[in-house]
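Have a look at the structure below before the remarks.
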Amino acid sequence: MKTSSTIQLNGPLLGLHDQVGEALAAGQPVVALESTLITHGLPYPDNLAAARAIEAAVRQAGAVPATIAILHGQITVGLDDPQLEYLATARNVRKCSRRDLGIAVARSLDGATTVAGTMIVAAMAGIQVFATGGIGGVHRGHPFDISADLQELGRTPVAVVCAGAKSLLDLPLTLEQLETRGVPVIGYGTDELPAFYSRSSGLPVDVRADTPEEVAAIVRARRALGLQGGELVTVPVPAADELPRAEAEAAIAQATQLADQAGVTGAAVTPFVLAQIASLTNGRSKRANIALLLNNAGVAARIAQALCDRQAS
């Protein structure tokens, strides 16, 4: 990777890829992207194809993509294609949330950033917008199993663009946790929280925003007020690719039951359930997942551009 600059962070160094560093220095839009999708979300070569397509969607919408990962202990913001391919085929890559970043750096490990980990590094680098598929939340039937993503949203000032929480989660309890942490849930072109594979959950969002400029205005107002934490910008999956809500719910319920019966717990629950859902829907959930990832990347790029335009004016 060509590194245009490094930032000293009281110990570990944050390496910025040339294009990312130059864009940030020039006040141009940059969108952060997570890397757990590559290492833990999809099998090779689907993971590499998805990572390339998401970056291309960000570029097509006018922003610079910055996929974030830890490579041999180096926190890296913006990966070149050989590095994407390395991650796509690497084994024993550690999933890195807040708890894990220091361990990965100190032990010179390879690490893939979760939603929480990506938010932390993005904020360190000065990136204001992050695109992902869905955030973690409160697990169904396990109300004390709460994702670190929710805590990070309540403390780190990054706008996260997603299709809501992963629909295998308890969405009402997840919304309650976000409210407790002071995180505004913004519906992008919708009055209801998207349910990941489906366009609606029946649950209201805090505010609707129909344009990137409306989202940018909320983000900038919160920063001007000195409010802690980020914003959750929820974008419905494209209509042509969604799973009908009843079908998705049936598959989720069955997959969750299978996980309980198999004794799957902790970090293994989500990948197990997602694989079961893909099988139960004959791959349609996977297609919806890719479609919403690409759509979210484009929306995030336009929000990042709107934030840059407002700053310039």
Exercise for review: Considering only residues that are open to solvent by 70 Å² or more (accessible area, probe 1.4 Å) and outside any loop (DSSP other than H, G, I, E, B), look in the range 248-267 and name the one that is modelled with the lowest pLDDT.
Suggested key: 267
Check your understanding: Quick one: which of 68, 75, 127, 135 is under 21 Å from residue 285 (Cα atoms), of a type in the set (Val, Ile, Thr) and in contact (Cβ under 8 Å) with a residue 40 or more places away in the chain?
Key -> 135
**Study point:** the range 67-79, residues that are in a strand (DSSP E or B) and in contact with a His (Cβ under 7 Å, 6 or more places away or on another chain)
**Key:** 77
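One line per residue, one yes/no per condition, for (1) of a type in the set (Asp, Glu); (2) closer than 23 Å to residue 252 by Cα:
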{"residue": "194", "(1), (2)": "no, yes"}
{"residue": "201", "(1), (2)": "no, yes"}
{"residue": "213", "(1), (2)": "yes, no"}
{"residue": "226", "(1), (2)": "no, no"}
{"residue": "237", "(1), (2)": "no, yes"}
Check your understanding: Looking at the range 122-145, which of its residues are of a type in the set (A, V, I, L, M) and either closer than 14 Å to residue 99 by Cβ or part of a loop (DSSP other than H, G, I, E, B) (or both)?
Key -> 127
Exercise for review: Would you mention how many residues in the range 50-93 are among the polar types (S, T, N, Q) and in contact with a Cys (Cβ under 7 Å, 6 or more places away or on another chain)?
Suggested key: 0
Review point. Which residues, counting only those in the range 234-254, are in contact with a Phe, Trp or Tyr (Cβ under 8 Å, 6 or more places away or on another chain) and farther than 29 Å from residue 218 by Cα?
Key: 243, 248
Exercise for review: Please specify each residue of the range 268-306 satisfying the condition of being outside any helix (DSSP H, G or I) and in contact (Cβ under 8 Å) with a residue 24 or more places away in the chain.
Suggested key: 281
**Study point:** Residue in the range 127-144 that is β-branched (Val, Ile, Thr) and under 21 Å from residue 47 (Cβ atoms) present
**Key:** yes
Review point. When you go through (1) closer than 27 Å to residue 302 by Cβ; (2) surrounded by 18 or more Cβ atoms within 10 Å (Cβ to Cβ) one by one for residue 154, which number turns out not to apply?
Key: (2)
Exercise for review: Output the residues belonging to the range 101-126 that are in contact with a helix residue (DSSP H, G or I) (Cβ under 7 Å, 6 or more places away or on another chain) and open to solvent by less than 10 Å² (accessible area, probe 1.4 Å).
Suggested key: 111, 112, 113, 115, 116, 117, 119
Point to revise | Among (1) touching a residue at least 12 places away in the same chain (Cβ under 8 Å); (2) out of contact with any strand residue (DSSP E or B) (no Cβ under 7 Å at 6 or more places or on another chain), the one test that residue 191 misses | key: (2)
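The values are calculated or read from the model by the stated rules, or taken from the named source; none is laboratory data. Here the structure is a predicted model, which means the values were calculated and not measured. Neighbour counts are summed over all protein chains in view; Cβ atoms, including those assigned to glycine, are modelled from backbone coordinates with ideal geometry. Protein only, heavy atoms only, side chains kept; ligands, DNA and RNA dropped before computing areas. Shrake-Rupley method; radii C 1.70, N 1.55, O 1.52, S 1.80 Å.
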